[in-house]
Amino acid sequence: MARKISMKQAVNEALDQAMAADPTVICMGEDIVGGAGGNGEMDAWGGVLGVTKGLYAKHPKQMMDTPLSESAYIGAAIGAAACGMRPVAELMFIDFMGVCFDQIFNQAAKFKYMFGGKAETPVVIRCMVGAGFRAAAQHSQMLTPLFAHIPGLKVVCPSNAYDTKGLLIQSIRDNDPVIFCEHKNLYAHECEVPEASYTIPFGEANIVREGKHCTIVTYGLMVHRSLDAAAVLAKEGVEVEIVDLRTLSPLDMDTVLESVTKTGRLVCVDEASPRCNIATDISAQVCMHAFGALKAQIEMVTPPHTPVPFSPVLEDMYIPSAAQIATAVRKTIKGSK
Amino acid sequence: MQVQNPFPLSRDELLTVYRQMRTIREFEERLHIDFGRGDIPGFVHLYAGEEATAAGIMHHLNDGDRIASTHRGHGHCIAKGVDVVGMMKEIYGKKGGSCNGKGGSMHIADLSRGMMGANGILGAGGPLICGAALAAKYRNKGEVGICFFGDGASNQGTILESMNLAGVWNLPVIFVVENNGYAESTSRDYGTAVDSYVDRAAGFGLPGVTVDGTDFFAVHEAAGAVIKRAREGGGPSLLECKMVRYFGHFEGDAQTYRAPGELDDIRANHNCLKILGDQLTAAGIISQSELTKIDEEVMVLIEHSVKEAKAAPFPTLADLTTDVYINY
Ligand SMILES: Cc1ncc(C[n+]2csc(CCOP(=O)(O)OP(=O)(O)O)c2C)c(N)n1
Ligand SMILES: [Mg+2]
């Protein structure tokens with residue numbers, strides 16, 4: 001299976017295969033086709049970064065551009081999901097969630113429970129997350145914890161093309177609303193991906209690197225920063241184990257606890273703001289369920305508690321670095337009982 | 001022999017307006033080049049082609065009048081009097097920029113000038129300007145609020161709710177639809193169910209007017225009327241300015257969604273700066289050489305702003321955690 005594709009292509013391929021397999025799968029979003037209503041080329045954009053380019057030609061009835069009205073079309077995707085469709089709605093940047101949040105957290109998330117189990121809402125909301133694009137405070141956020149906080153929502157944030165394809169197809173088949181977070185700085189990242197359709201189950205973390213001295217729990221782009229840190233630490237004789245959560249809700253605590261029990265040390269790395277995020281959640285759960293296994297205090301690596309700055313130099317300081325992660329790991333080793 | 005000035009602005013004012021529009025144009029042309037060279041980070045949305053609208057409206061405003069801008073905000077900033085050197089520094093992410101490098105192109109703001117910020121969220125300005133207008137109403141000095149938004153953003157719930165709110169509270173707000181025919185790559189007509197923004201305004205009980213947004217004098221006159229009305233307590237209105245966008249949605253956009261020849265036509269026949277220049281010279285009150293002299297001075301200013309921006313220092317680690325509440 002030597003074929004390598006980028007994460008961007010993996011999204012495209014997953015949507016392509018899902019639409020081909022199931023006519024109730026429809027994609028909607030702003031400029032996901034592009035050129036609608038004009039006198040130039042159709043499929044002119046394929047999304048703001050070209051992720052869905054080419055899908056309109058293959059599935060013209062399943063690819064819909066929308067007006068710039070997130071509350072209306074994200075809500076419509078949710079309503080259609082409750083009525084037999086499997087919509088995949090693209091909300092360009094997760095930062096725009098504010099515009100349509102009610103439809104997601106009061107409507108989609110609650111239907112099934114609130115209606116006594118009588119409704120399914122198989123909707124997927126795809127959005128770009130993360131900093132590093134010089135896109136400033138309103139186009140760079142990692143708002144994953146907001147969604148993980150809400151009962152009824154599933155939250156996915158893959159770190160590579162293989163996981164992206166399998167998790168996106170799983171998201172589309174899943175009967176609950178899924179917030180599917182694509183890190184814009186990983187779109188170009190390539191790895192081997194099978195051509196055939198496949199799924200990766202939710203709630204199964206992936207150990208991307210094995211090690212015995214310290215566990216790093218993370219997801220998304222930070223998996224790569226952690227791998228960079230691990231390479232440096234390996235030269236110092238420190239073997240780090242890296243757990244890529246892949247899905248933040250459901251959360252695979254078993255894998256985390258097993259790893260921490262083995263290494264006795266934990267560094268949580270999260271690109272989200274430091275308060276009430278995935279890192280704090282993991283830390284709390286490890287304290288509750290594996291306190292006795294800890295040989296050192298838990299360390300966290302996150303950005304500072306600020307909005308994402310525009311200036312490239314500030315943004316680079318904002319995003320957690322491999323050096324910061326390595327420092328945190330060293331602290332757990334030095335501070336050991 | 002003294003030539004009669006047929007325009008509602010004095011000769012000096014006309015020269016100022018021309019200079020302002022030329023400054024916006026050259027600012028954007030320069031960003032286009034420097035972005036292409038890789039000098040400028042991030043998303044940059046250029047206002048070139050749309051200058052007459054910003055200038056025509058802002059000519060009626062003072063610092064106490066507030067505007068809420070958009071992602072395509074450079075023209076609004078310059079016309080509202082925001083310092084060009086500070087803007088350029090901001091776009092380069094430098095210390096001393098309008099927002100000290102923290103905002104960038106999409107978030108330039110200068111509250112002292114009544115410029116409440118460019119905005120990365122479509123439609124966000126609607127509610128904010130209602131608030132500005134509410135505050136103005138309490139101050140009772142006749143100040144107004146102007147909300148700019150594109151044909152695409154006109155379909156945001158926030159804009160529609162704000163039109164209703166402004167009506168209910170009788171706020172001194174002008175809703176300005178900058179209709180350049182496109183929202184990103186999608187044509188206006190695809191994304192908007194109603195043809196006329198005047199009809200839409202009527203649905204909210206607001207008077208509405210449509211003007212040729214490439215004709216400074218048309219914008220100036222229409223804006224003057226609705227702003228006067230708002231200042232005198234007559235309440236909100238909508239102003240649609242039909243305009244053209246010279247560059248892509250953002251820098252890097254290949255614009256294949258445009259019809260062949262569309263851009264050539266725009267630049268040849270809908271160049272608001274040329275339209276204004278021709279109007280002024282044809283009336284005989286301003287000579288071509290006066291305009292050319294302004295053009296040259298503007299080029300010097302833009303060059304100066306780029307030099308200053310490049311020479312300015314970057315923010316430092318200490319700047320990362322200022323201007324925000326952190327209690328741990
Ligand atoms: C809430 C929200 N949705 C989507 C976007 C992405 N976006 C930025 S500009 C734009 C098109 C805006 O079109 P229009 O309002 O006509 O303004 P123009 O760019 O033509 O000036 C879109 C979809 C955004 N910034 N905010
Ligand atoms: Mg537009």
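Summary of values
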| read-out | value |
| --- | --- |
| Subset of segment A:237-247 that is touching a residue at least 40 places away in the same chain (Cβ under 8 Å) and out of contact with any Pro (no Cβ under 8 Å at 6 or more places or on another chain) - its residue that is farthest from A:HIS213 (Cα to Cα) | A:THR247 |
| Pick from segment A:235-253, criterion more than 17 Å from A:ALA148 (Cβ to Cβ) and either hydrophobic (A, V, I, L, M, F, W, C) or out of contact with any Gly (no Cβ under 9 Å at 6 or more places or on another chain) (or both), ranking: most open to solvent (accessible area, probe 1.4 Å) | A:LYS235 |
| Residue within segment B:29-48 that is among the aliphatic types (A, V, I, L, M), touching a residue at least 60 places away in the same chain (Cβ under 8 Å) and surrounded by fewer than 17 Cβ atoms within 10 Å (Cβ to Cβ) present | no |
| Segment A:101-134, residues that are small (Gly, Ala, Ser), within 20 Å of A:ARG225 (Cα to Cα) and crowded, with 21+ Cβ neighbours inside 10 Å | A:GLY130, A:ALA131 |
| Failed item in (1) buried (at least 19 other Cβ atoms within 10 Å of the Cβ); (2) of a type in the set (A, V, I, L, M, F, W, C); (3) in contact with a helix residue (DSSP H, G or I) (Cβ under 6 Å, 6 or more places away or on another chain), with A:ILE319 passing the rest | (3) |
| Any hit, segment B:157-180, residues being among the charged types (D, E, K, R), farther than 19 Å from B:ILE227 by Cα, within 11 Å of ligand 2 (Cβ to nearest atom) and in contact with a Gly (Cβ under 9 Å, 6 or more places away or on another chain) | no |
| Which numbered condition A:PRO303 fails, given (1) part of a strand (DSSP E or B); (2) touching a residue at least 60 places away in the same chain (Cβ under 8 Å) | (1) |
| Those residues of segment B:259-282 which are within 14 Å of chain A (Cβ to nearest Cβ), surrounded by 15 or more Cβ atoms within 10 Å (Cβ to Cβ) and without any contact (Cβ under 8 Å) to a residue 40 or more places away in the chain, in sequence order | B:GLU262, B:LEU263 |
| Among the candidates B:VAL244, B:VAL226, residue that is of a type in the set (A, V, I, L, M), in contact with a Gly (Cβ under 9 Å, 6 or more places away or on another chain) and under 22 Å from B:ALA133 (Cβ atoms) | B:VAL226 |
| Identity of the residue in segment B:140-151, open to solvent by 10 Å² or more (accessible area, probe 1.4 Å) and in contact (Cβ under 8 Å) with a residue 24 or more places away in the chain, that ends up nearest to ligand 1 (Cβ to nearest atom) | B:GLY150 |
| Residue list for segment A:1-48, restricted to those being of a type in the set (A, V, I, L, M) and closer than 22 Å to B:SER185 by Cβ | A:VAL11, A:LEU15, A:MET19, A:ILE26, A:MET28, A:ILE32, A:VAL33, A:ALA36, A:MET42, A:ALA44, A:VAL48 |
| Test: residue in segment A:149-157 that is touching a Gly at 6+ places or on another chain (Cβ under 7 Å) and modelled with pLDDT of 95 or more | yes |
| Members of segment A:280-300 that are more than 24 Å from the chain's Cα centre (by Cα) and in a helix (DSSP H, G or I) | A:CYS287, A:MET288, A:HIS289, A:ALA290, A:PHE291, A:GLY292, A:ALA293 |
| Per-region count, segment B:163-206, residues assigned to a strand (DSSP E or B) and either of a type in the set (Gly, Ala, Ser) or open to solvent by 30 Å² or more (accessible area, probe 1.4 Å) (or both) | 2 |
| Single match in B:LEU128, B:LEU122, B:LEU134, B:LEU111 (criterion: within 14 Å of chain A (Cβ to nearest Cβ) and surrounded by fewer than 23 Cβ atoms within 10 Å (Cβ to Cβ)) | B:LEU128 |
| From the options B:ASN164, B:ASN170, B:ASN119, B:ASN179, residue that is touching a residue at least 24 places away in the same chain (Cβ under 8 Å) and touching a Pro at 6+ places or on another chain (Cβ under 8 Å) | B:ASN170 |
| Residues located in segment B:190-227, provided they are within 14 Å of chain A (Cβ to nearest Cβ) and of a type in the set (Gly, Ala, Ser) | B:GLY191, B:ALA193 |
| Subset of segment B:176-190 (residues that are more than 10 Å from ligand 1 (Cβ to nearest atom) and in contact with a helix residue (DSSP H, G or I) (Cβ under 9 Å, 6 or more places away or on another chain)) | B:VAL176 |
| One residue from A:GLY79, A:GLY98, A:GLY130 being at positive phi and more than 16 Å from ligand 2 (Cβ to nearest atom) | A:GLY130 |
| Matching residues, segment B:152-166, being farther than 22 Å from B:GLY213 by Cβ and either modelled with pLDDT under 95 or within 11 Å of ligand 1 (Cβ to nearest atom) (or both) | B:GLY157, B:THR158 |
| In segment A:272-302, the residues that are out of contact with any strand residue (DSSP E or B) (no Cβ under 8 Å at 6 or more places or on another chain) and crowded, with 21+ Cβ neighbours inside 10 Å | A:ALA272, A:ASN277 |
| Members of segment A:80-92 that are open to solvent by 10 Å² or more (accessible area, probe 1.4 Å) and either in contact with a strand residue (DSSP E or B) (Cβ under 9 Å, 6 or more places away or on another chain) or of a type in the set (A, V, I, L, M) (or both) | A:ALA80, A:ALA82, A:MET85, A:ARG86, A:GLU90, A:MET92 |
| Qualifying residue in segment A:315-330 (condition: modelled with pLDDT of 95 or more, outside any helix (DSSP H, G or I), on the phi > 0 side of the Ramachandran plot and within 19 Å of the chain's Cα centre (by Cα)) | no |
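Conditions tested, residue by residue: (1) open to solvent by 10 Å² or more (accessible area, probe 1.4 Å); (2) touching a His at 6+ places or on another chain (Cβ under 8 Å); (3) facing chain B (nearest Cβ under 10 Å); (4) part of a loop (DSSP other than H, G, I, E, B).
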| position | (1), (2), (3), (4) |
| --- | --- |
| A:GLY37 | yes, no, yes, yes |
| A:MET42 | yes, no, yes, yes |
| A:GLY46 | no, no, yes, yes |
| A:GLY50 | yes, no, no, yes |
| A:LYS61 | yes, no, no, yes |
| A:ILE78 | no, no, no, no |
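The values are calculated or read from the model by the stated rules, or taken from the named source; none is laboratory data. Remember, it's a predicted structure, so these values are computed and weren't measured experimentally. Here Cβ is always computed from backbone atoms with ideal geometry, including for glycine, and neighbour counts include all displayed protein chains. Surface areas here come from the heavy atoms of the whole protein model, side chains and all, with no ligands, DNA or RNA. Shrake-Rupley method; radii C 1.70, N 1.55, O 1.52, S 1.80 Å.
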